[in-house]
Every structure is written in C-alpha cells, then in structure tokens.
Amino acid sequence: MPDADPEDMLLLDDLVGIADPNVELPRIDPDARRRRLINATHLARTKPTMYVVEDAHWIDAVSESMFADFLTVIPQTHSLIVITYRPEYTGALSRVPGAQSIALAPLTDPETATLVTELLGPHPSMGELGQMITERAAGNPFFAEEMVRDLAERAVLRGNRSAYVSTVGAAEVSVPATVQATIAARIDRLNPKAKRTLNAAAVIGAKFSRGPTGNAGD
C-alpha cells in the first residue's frame, strides 16, 4: 500500500495486531476509524484484490461489524472477498446479499486416499496403514492430517512428510477414534510444564501473553 496515509497505516497495524506499542495511535472516534480503515484497505486500491477472512466463527463483534461494512463497498471496487466459517456460524458475514455460498462436503474415499498418500509417501509399509487412516478419517482432511502427525510423534512413522516409513506392522498400530482423541493424546505427551501452560491458557482464553512473572506465556 505505497500511497496510503501514514496515520491510516498505524490504524491498520493496530487492527492486525502488529502496532508498535511506543507509537501513539491517531485520536479519532470509532466510526471515523472504521471509515479510514475501509478506505485505506479497500477503496484506495486500484488493482484487483482478493481478501481472505478465515475462521469467521471465531470473530468478535467489533471485527464482524467492521467487515460487514467492508462488504458493502465491494461492488464499488475490483475486489473479491472470501470468508470461511463452520456451519454453526450464522452471523452477519454469513448473510451477505448477493454473495455466493459454497458448502464443502466431506472428501470422498478416493480423495481422502489421495490426501493420505500425499501425507505418508509411497513406501510399501504405508499401504495398509494408509487404508486404515483413510477409513478412520471418514472424509475429514483435518482428522487425516492429525492422525499422521500423531503417528509420527509416537515414532510409529519414521522420516518426513511424503516420505515416511512405518516402524511396525499395520496390525500393531492403533489410531485414535476421533479428532478430539487425537489431540488429547498429543496433549498427554507434553511435558508437565507445557501441560500447565496449556491448562492456564485454556482458562484465560484464546489470547494471552506473559505475565509479570513470566509464568502465563512460558
């Protein structure tokens, strides 16, 4: 954004969480701030632009309101905005007039098998194990990825992504039944200090920083 107003860039840095804490932000009211951000990031651009907003199901009310305003000026520009969210999200960004909605279905068995093969690699020891992961994933790509990561952390798999070798026979391998079980197993393998930090973070919320003693963010 080479032609942007320096004050607008300060507001943008603050919006995305990279503002310099030693630099004071412009003293303007919230509505003016919103208008300036929309103009700086959107209306002022002359080239075709695509914006991506991921995981809108976690968005806060203030950000949601700003993006809703942001969307109203899309027709005035050469821009595309893509918003991803889980089915349970029904907020303002899921009800945009004139928007096209694309509901992603689970992967088919062949698609899942292709993904698993890409994750594991072509080694002969991956054959039966790949089939097991494909069946257990039931079309969920995230679950397939987490199962492979779990097996690598347990040293069942040796090597790197797309080039793994199994250290045991497929009949001896157990894979978690759910995504939750996969993540729980990974948490169980953390050292005690890391577990305490994770527990504290879960209570504090999605965002937290180091406290004065350094305990919270270790």
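The table for this structure:
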read-out: Extension gain, residue 80 back to residue 172 (0.36 nm per residue minus Cα-Cα distance, nm); value: 28.2 nm
read-out: Of 38, 28, 183, the one that fluctuates the most in a GNM where the chain has Cα springs shorter than 10 Å; value: 28
read-out: Alpha carbon Rg of the chain, scaled by the compact-globule rule 2.2 N^0.38 Å; value: 1.34
read-out: Between helix 6-15 and the chain: long-axis angle, C-alpha atoms, 0 to 90°, nearest 10; value: 40
read-out: Local electrostatic count at residue 156 - Lys and Arg +1, Asp and Glu -1, tallied over other residues with Cβ under 10 Å; value: -1
read-out: Value of relative contact order over the stretch 101-218, rounded to a whole percent, pairs C-alpha under 8 Å and six or more apart; value: 21
read-out: Distant-in-sequence amide H partners of residue 53 (H built 1.01 Å from N, under 5 Å); value: 82, 83, 84
read-out: Descending semi-axes in Å of the stretch 6-94, equivalent ellipsoid built from Cα gyration tensor; value: 23, 17, 12
read-out: Estimated vicinal HN-Hα couplings, Hz - the stretch 109-123 in sequence order (Karplus 6.51, -1.76, 1.60; Gly, Pro = x); value: 4, x, 5, 5, 4, 5, 4, 4, 4, 5, 5, 8, x, x, 4
read-out: Relative contact order of the stretch 109-175, pairs being alpha-carbon contacts under 8 Å that are 6 or more residues apart, as %; value: 39
read-out: Cβ charges +1 (Lys, Arg) and -1 (Asp, Glu), total dipole of the chain, debye; value: 420
read-out: Hypothetical label at residue 4: residues of the stretch 67-88 whose amide nitrogen lies under 20 Å (7 Å Cα-Cβ projection); value: 67-83
read-out: Modelled FRET efficiency - R0 22 Å, residue 179 with residue 111, Cβ distances, 0.05 increments; value: 0.75
read-out: Spin-label model distance (nm) - residue 202 vs residue 104, 7 Å beyond Cα toward Cβ; value: 2.6
read-out: Cβ crowding within 10 Å averaged over residues, with 71-84, 138-151 ranked highest first; value: 138-151, 71-84
read-out: Inter-label distance for residue 31 and residue 163, nm, one decimal - labels placed 7 Å from Cα along Cα-to-Cβ; value: 6.0
read-out: Phi-based couplings in Hz for the stretch 203-209 (Karplus 6.51, -1.76, 1.60; Gly and Pro marked x); value: 6, 5, x, 5, 10, 7, 9
read-out: Antiparallel content of DSSP bridges confined to the chain, in %, to 5; value: 45
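Read the figures in this text as sums done on the coordinates, not as results from a lab. Please read all numbers here as calculations on a predicted model, not as lab measurements. Quick reminder, even Gly has a Cβ in these numbers, built from the backbone with ideal geometry, and neighbours come from all protein chains shown.
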